[in-house]
1. When residues of segment 361-393 are filtered for being of a type in the set (A, V, I, L, M, F, W, C), part of a helix (DSSP H, G or I) and under 15 Å from VAL240 (Cβ atoms), how many remain?
2. Going through LEU92, LEU78, LEU82 one at a time, which residue ends up being in a loop (DSSP other than H, G, I, E, B) and within 20 Å of the chain's Cα centre (by Cα)?
3. Which residue pairs have Cβ atoms closer than 8 Å, lie 6 or more positions apart in sequence or on different chains, and pair a first residue in segment 40-58 that is touching a residue at least 60 places away in the same chain (Cβ under 8 Å) with a second residue that is assigned to a loop (DSSP other than H, G, I, E, B)?
4. Would you check if ASP209 is surrounded by fewer than 16 Cβ atoms within 10 Å (Cβ to Cβ) and within 29 Å of SER353 (Cβ to Cβ)?
5. What residue, of GLY199, GLY218, GLY142, is buried (at least 22 other Cβ atoms within 10 Å of the Cβ) and either in the same structural domain as ASP316 (by TED's automatic domain parsing) or more than 29 Å from GLN294 (Cα to Cα) (or both)?
6. How many residues does segment 204-221 hold that are touching a Cys at 6+ places or on another chain (Cβ under 9 Å) and of a type in the set (Ser, Thr, Tyr)?
7. Looking at this structure, is PRO230 in the same structural domain as LEU160 (by TED's automatic domain parsing), in a loop (DSSP other than H, G, I, E, B) and not β-branched (Val, Ile, Thr)?
8. Taking segment 21-39, which residues are surrounded by fewer than 20 Cβ atoms within 10 Å (Cβ to Cβ), in a helix (DSSP H, G or I) and of a type in the set (Gly, Ala, Ser)?
Amino acid sequence: MANVALGKEDAAARLHVGWHELHADVSLNFQLNRWAAYGGPRWIADVRPVLPRLTGYGAWRTAFVELGEAAASEGRALHAALHFRCGEFFMLPSDPRKEPIRRRLLKLFRQAAGVSENARRDVPFGNLRLPAYHFARESARGTIVIFGGYDSYIEEWFPLFETLRDFGSNVIAFEGPGQGSVLEEQHAPMTHEWHRPVGAVLDAFGLDDVTLVGMSLGGCLVVRAAAYEPRVKRVVAFDVATDLPAWMMRTQPPAMKATVRALLALRADGMFDRAVSSLAPTRPIMEWGLAQAQHIFGQPRPSGAFRTARRYITRDVSHLLRQDVLLLAGAEDHYVPLSQLGDQARLLTSARSITTRVFTRHEHGQAHCQVGNFPLAVKVMASWLDERVQAGPP
């Protein structure tokens, strides 16, 4: 496959460093910082005037669609894509605006990056096609195969992939079931048997010695894949993720957590569905979160989504890993409890080596997946990879 190169707009504005306090809501502030990491000061300048309007999800969606239209009219493809993505992120699957905006923002991401749609390779996987992009370089130290997690599009990560390539590796990025266009266009729900899509990608590119990197929930998927795929020699959890249900219930009061566990254990699905559905209208984040979980896991009811989420753990497979493993974590990750870093390290009883790295607020890397300092996270991964490659095979 031809080398994928990023264009001038993206090269000038990619991977900004800095954490910004833009919104009082922790989750919404994280999302703003997520896109500011790519858009930089110019994107933040667009956003600041509308911050007082961002009092609810409906206003949020409207404001960012308007900002996207304004940036697009000015020919700022990257900023338009980021604004549209910020608005589309919180659109429910039933929202008629979601699909046309999704298609438009992906086209804008490719335009900003100078990547043609023909650069995408569709990897056969059963009756599905897994989109993959190959960021190649000469004299590479090896190949990184990388994927996202719960709610990203592979195109939004282009600047990070090029930065990884600049540090010396070939980079192959793909979407699997439950992600990006595989979910939205092919309607394929996520699978916890992640070694299967990884294996399909390795087969398609003829790879037998790779570093596998999973981002966000991918920190769980990467461990599950490496447990059964011997062609994976090095593993990076970016960030660590041992237990998805713990994420989903982290902000709930203890009584709610106990009730959820009890109802699922009793298989009282009807009662569970009625309970969470009655709460959702009073808590927009819950309404969106439930709809998103049902969409990603292909479950028509909340109980089914929660039950499926219980498969996304690592304690049942971690002991099978014999690779070198790098575990990353943000000290103030609002999704993943920091305790999961220690949990994952202890579970890797057969790994060749285990390296952990916690990023702090002083480094602007305290948040989930080091939003605020992607360059530092990339540098840490690249340095670790250099050491592991020099160490040679087991």
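1. From segment 361-393, those of a type in the set (A, V, I, L, M, F, W, C) are 367, 369, 371, 374, 376-378, 380-382, 384-385, 389, 391; that's our starting set.
Checking the rest, the ones that are also part of a helix (DSSP H, G or I) come to 369, 374, 376-378, 380-382, 384-385, 389, 391.
Right, trim to under 15 Å from VAL240 (Cβ atoms) and you get 369, 377, 380-381, 384.
Final tally of qualifying residues: 5.
2. Details: LEU78 fails: in a loop (DSSP other than H, G, I, E, B); LEU82 fails: in a loop (DSSP other than H, G, I, E, B).
Selected residue: LEU92, the only one of LEU92, LEU78, LEU82 that is in a loop (DSSP other than H, G, I, E, B) and within 20 Å of the chain's Cα centre (by Cα).
3. Once the first residue is touching a residue at least 60 places away in the same chain (Cβ under 8 Å) and sits in segment 40-58, its partners that are assigned to a loop (DSSP other than H, G, I, E, B) give TYR57/PHE90.
4. Details: surrounded by fewer than 16 Cβ atoms within 10 Å (Cβ to Cβ): yes; within 29 Å of SER353 (Cβ to Cβ): yes.
Criteria met by ASP209.
5. On the way: GLY199 fails: buried (at least 22 other Cβ atoms within 10 Å of the Cβ); GLY142 fails: buried (at least 22 other Cβ atoms within 10 Å of the Cβ).
Going through GLY199, GLY218, GLY142 in turn, the sole match is GLY218.
6. Qualifying residue count, segment 204-221: 1.
7. Details: in the same structural domain as LEU160 (by TED's automatic domain parsing): yes; in a loop (DSSP other than H, G, I, E, B): yes; not β-branched (Val, Ile, Thr): yes.
When the stated conditions are applied, PRO230 passes them.
8. SER27
The values are calculated or read from the model by the stated rules, or taken from the named source; none is laboratory data. As the structure is a prediction and not an experimental result, all values here were calculated from the model. Heads up, the Cβs are rebuilt from the backbone with ideal geometry, glycines too, and the neighbour counts pull from every protein chain shown.
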